[in-house]
Amino acid sequence: MATLAAGKRRPLLRVHNLKTYFFPDEGTVRAVDGASFEVCAGQTLGIVGESGCGKSVTARSILRIVEHPGEIVEGEIRYLHRTDGREVELDLAQVSADGREMRQIRGGEIAMIFQEPMTSFSPVHPIGSQIVEAIRLHSPLGKREARERAADLLRQVGISRAEARLNEYAYQLSGGLRQRAMIAMALSAEPRVLIADEPTTALDVTTQAQILDLLRQLQTDLGMAIILITHNLGVVAEMCDNVVVMYLGRVVEEGSVDAIFHNPKHPYTRLLLQSIPSLYSEARVPLPTISGAIPHPYNRPEGCPFHDRCPQFIPGTCDRHVPELQALDERESDQLVSCFLYHEPTDERA
Amino acid sequence: MAGWLIRRTLFAFATLWAISMLSFVVIQIPPGDYVTSYIAQLQAQGTIFTEHEAQALRDLYGLDQPVILQYFRWLGLMAQGNFGVSFEFNRPVLDVIGDRFLLTIVVSVAALLLTWIVALPIGIYSAVKQYSIGDYAFTFIGFIGLAVPGFLLALVLMYFGFVLFDANVGGLFSPEYAQADWSWDKFWDLMQHMPIPALALGLAGTAFLIRIMRANLLDELRKPYLVTARAKGLTNNRAVLKYPVRVALNPFVSIVPFVLRDIVGGSVIVSIVLSLPTVGPILLKSLIAQDSFLAGTIILLLGVITVVGTLISDILLVILDPRIKFEARGG
């Protein structure tokens, strides 16, 4: 299988054919069903898709914090683990989720920020103590030094009166400040990969822009890789180098941000882009929408998961075969798409 | 904070005053008074009693005065530390209650501690391992604990205590210490008698608290801050104990006054069954005899325990949960 930016740089994190299923009593939910992508240091990868397409579960799978009854059933999460000054490639899907190695990586090398900064902080512990805890988990600093470092971190993310803020509780901060504090906590161990799971969804537009600016600036300063999970295509266009489009747990299209926005191939990507409101669109013409709704997780369509909503549905093919993510052609190997409009079915299942 | 504390304490006093009034009224509600039931008792024994003698008794105790006057007389006496005289025991109320009240508190605190110590780990286990065999087992035992009346449990415990452990069952002291002055030996003797009353009185509260803890913790375990804590690199167990358990702890404190009230007030029958020298049996006796000063004092004391318990738990809650301070200031 071809990969993005192959040969140029060794990617920090490569996810290959990741499958994370949930097994509640009612049946199996294939939340992530064969996701593949990779991200290099200093790059931003956007993962976009509708609610329930498996974006967040993918992120949690990488950190190995998928909640019961979910588990990774297949695939690889290859990460360049830094240990004793050397880089060792480690398959995070295989290590023990609560083991030492994974806990060093989690929060230490791969950190995560969340959608709702209000509920993502404990309501009964001061912000400072939660950041200090994160610092001390991954460094030998004493309480005093850790507290100083926490104040430095708050200043770094643009929070004034940092020392005083350390003693405040989440409810005493505004939404934007809370998300800044959350970012400060994620940065506490200078992670190499930052996963931001809808970091601006709960914020107003002005604050959104500030937080995105902050993330970009921090990436320039610290050189970390960012995986930005969002359903906001505007944010993707602004922030990302590469984009992964997910639908029902599968990657349907993958490519550079230019390719995805100017030359989308998968019908789903095209429809997503068409449904963005534009200042230049004609007045009183209804915004195009994607017909139908996301299928119920217990009732996934056969074949291509998108075929029942797809305007270019090929009867007999799309509803019988499962498309694979493949390079568009030899020349444009940067762009991968999973659609029978571009290649013939390869599997013999019917 | 200081203003809130003062306000809260004043409210507690106001509540106590209302309780004192209510408890006095409640005692007065049944027809007749102490003299009526006293005469009935004497007549049952064949003693002839004249109306004149009855009137003399009523005058002596001031039972003919209006209820309001009697109430204020009672309040005035209490302000001087004199809780009146028990007709039934013919002794000052304080003498009658004295040690019993202390022992009631000791037994109640023991039952409460047992409730906490048992309910906390089981509640956490049941929530973290929801729907596991252990959870089902504890749920089953818990519902039995809720359903079985304390006095029945007391009987069963006494039986097994006697048969299996040859324990000295019943009462709080061995005979040789019952009338003795306080000493370490007597204290140790008391502690040896404590398990059965504590279990019998605490089981229902324990079962209740396990259910509360389980439900609360289940809610908290779904909160995003647990994911944050795990994403930092904490082990799952430490993350759960440090954050959701800490947040779910509120009911452990807020429930104390209610559990305490149930233990103290609900201990009447258990105390009779176990022949505990606590205030429970005295309360029953005084109510039957319409011994108004004694009954009023005991009911008032139960009220004091509840109100003071609530006050303490409120203060603890403010310390435990910073959000509560915020609401008090905002409101």
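What follows is calculated from the coordinates using simple rules that are stated; it is not laboratory data. For clarity, every value in this text was computed on a predicted model and none was experimentally measured. Cβ sites come from the backbone with ideal geometry, for glycine too, and all protein chains shown count toward neighbours.
Here are the numbers for the structure shown:
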quantity: Separation between Cα centres of the stretch B:40-86 and the stretch A:76-144, rounded to whole Å; calculated: 75 Å
quantity: Choice from A:214, A:287, A:233 with maximal GNM fluctuation in chain A (Cα, 10 Å cutoff); calculated: A:287
quantity: Gyration tensor (alpha-carbon) shape descriptor, the stretch A:277-343, a/c threshold 1.5; calculated: oblate
quantity: Cβ charges +1 (Lys, Arg) and -1 (Asp, Glu), total dipole of the stretch B:99-286, debye; calculated: 1140 debye
quantity: From phi via Karplus (6.51, -1.76, 1.60), per-residue ³J(HN,Hα) for the stretch B:57-64 in Hz, x at Gly/Pro; calculated: 4, 4, 4, 4, 8, x, 6, 8
quantity: Cβ neighbours within 10 Å from other chains - mean over B:219-225; calculated: 4
quantity: At most 13 other Cβ within 10 Å, DSSP loop - trypsin sites (Lys or Arg not before Pro), the stretch A:270-320; calculated: A:284
quantity: Built amide H within the under 5 Å cut-off of residue A:34, gap 5+; calculated: A:18, A:19, A:20
quantity: Sorted largest first, extent of chain B alpha carbons per principal axis (Å); calculated: 85, 58, 38
quantity: DSSP loop trypsin sites (Lys or Arg not before Pro) with at most 16 other Cβ within 10 Å: longest gap in chain B; calculated: B:1-128
quantity: Distance violations [Cα-Cα > 24 Å] among A:55/B:129; A:143/B:242; A:143/B:223; calculated: A:55/B:129; A:143/B:223
quantity: Contact order normalised by residue count of chain A, Cα under 8 Å, 6+ apart, percent; calculated: 19 percent
quantity: Fluctuation leader among A:283, A:59, A:93 - chain A, Gaussian network, Cα springs under 10 angstrom; calculated: A:283
quantity: Sequence of A:253, A:133 once ranked by neighbouring C-beta atoms within 10 Å, starting from the fewest; calculated: A:133, A:253
quantity: Amide hydrogen neighbours beyond the local backbone of residue A:13, cut-off 5 Å, H modeled; calculated: A:39
